[in-house]
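The values are calculated or read from the model by the stated rules, or taken from the named source; none is laboratory data. Remember, predicted model here, so these are calculated numbers, not experimental data. Here the Cβ positions follow ideal geometry from the backbone for every residue, glycine too, while neighbour counts run over all protein chains shown. We work out accessible area using only protein heavy atoms, side chains counted, and drop any ligands, DNA or RNA first. Shrake-Rupley method; radii C 1.70, N 1.55, O 1.52, S 1.80 Å.
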Amino acid sequence: MRRRIAFTAILIGSLAVSGCVESFPGDQKLPQDLFKAARQSERAPAGFHDDVRRKSCGQVTPVQGEQIPSDAVDCMDSAIGRLDAELAVVSFTIEGDPIVDFYRTSTGTPGVEVFTDGEFDRYGSKEWVHQDCPKTTTLTSLQGCLEN
C-alpha cells in the first residue's frame, strides 16, 4: 500500500513538473479583453499604443503542448504584409502564471511584430518585450526576429 501511495505521489509530481497538469494561481486572473487591458498598460512599449484599428484574429489559450488553432494562424498569415491585424496568445509559466504574446501585422510592412506581456508573471520581470520579425511569412515560423 505504501508503495502505491509513494508511486502515485511521484507520478503526480512528475506530471506537474512536466506541464501535463496545469496549475493556475488563485490570485492570477487575466482580464476578459486582453487587447483593451494591454492598451491601457503603462508598461507596454510605445509602439503598442498606436491608434491603428486592427482586424482581430482573436485571443486564444492553447492547452499545454498544443499549437495555436489553425483558424487563428490562417487569419494572421493572410494578413502579413496586407492588413493591420492582431492575435493574442496566452501561455503559462512553469509556476502557472500567464504570459500573453500579441502578434501584429501591418499594411504594407513585411513580417510580424511580437509584443510579449510579462506583467502577470509573479516571478518574472513584469516587463514587456517587443520584437520585429520582418522575414516571417507564416505565424508558425517566426524568422529574422530582432528585439527592440
**Q.** Subset of the range 34-70 (residues that are open to solvent by 70 Å² or more (accessible area, probe 1.4 Å) and either β-branched (Val, Ile, Thr) or in contact (Cβ under 8 Å) with a residue 12 or more places away in the chain (or both))
**A.** ARG43, ARG53, LYS55, GLN59, THR61, VAL63, GLN64, GLY65, GLN67
Q) What number of residues within the range 83-136 satisfy the criterion of being farther than 24 Å from GLN40 by Cβ, charged (D, E, K, R) and modelled with pLDDT of 95 or more? A) 1
Q | Matching residues, the range 90-117, being touching a strand residue (DSSP E or B) at 6+ places or on another chain (Cβ under 8 Å), open to solvent by 10 Å² or more (accessible area, probe 1.4 Å) and over 13 Å from PHE48 (Cα atoms) | A | SER91, PHE92, THR93, ILE99
Q | Unmet requirement for PHE102, which otherwise passes all of (1) more than 16 Å from ARG39 (Cα to Cα); (2) in contact (Cβ under 8 Å) with a residue 24 or more places away in the chain | A | (1)
**Q.** Enumeration of residues in the range 73-89 that are touching a residue at least 24 places away in the same chain (Cβ under 8 Å) and either in contact with a strand residue (DSSP E or B) (Cβ under 7 Å, 6 or more places away or on another chain) or closer than 18 Å to GLY118 by Cβ (or both)
**A.** MET76, ALA79, ILE80, GLY81, LEU83, ASP84, ALA85, GLU86, LEU87, ALA88, VAL89
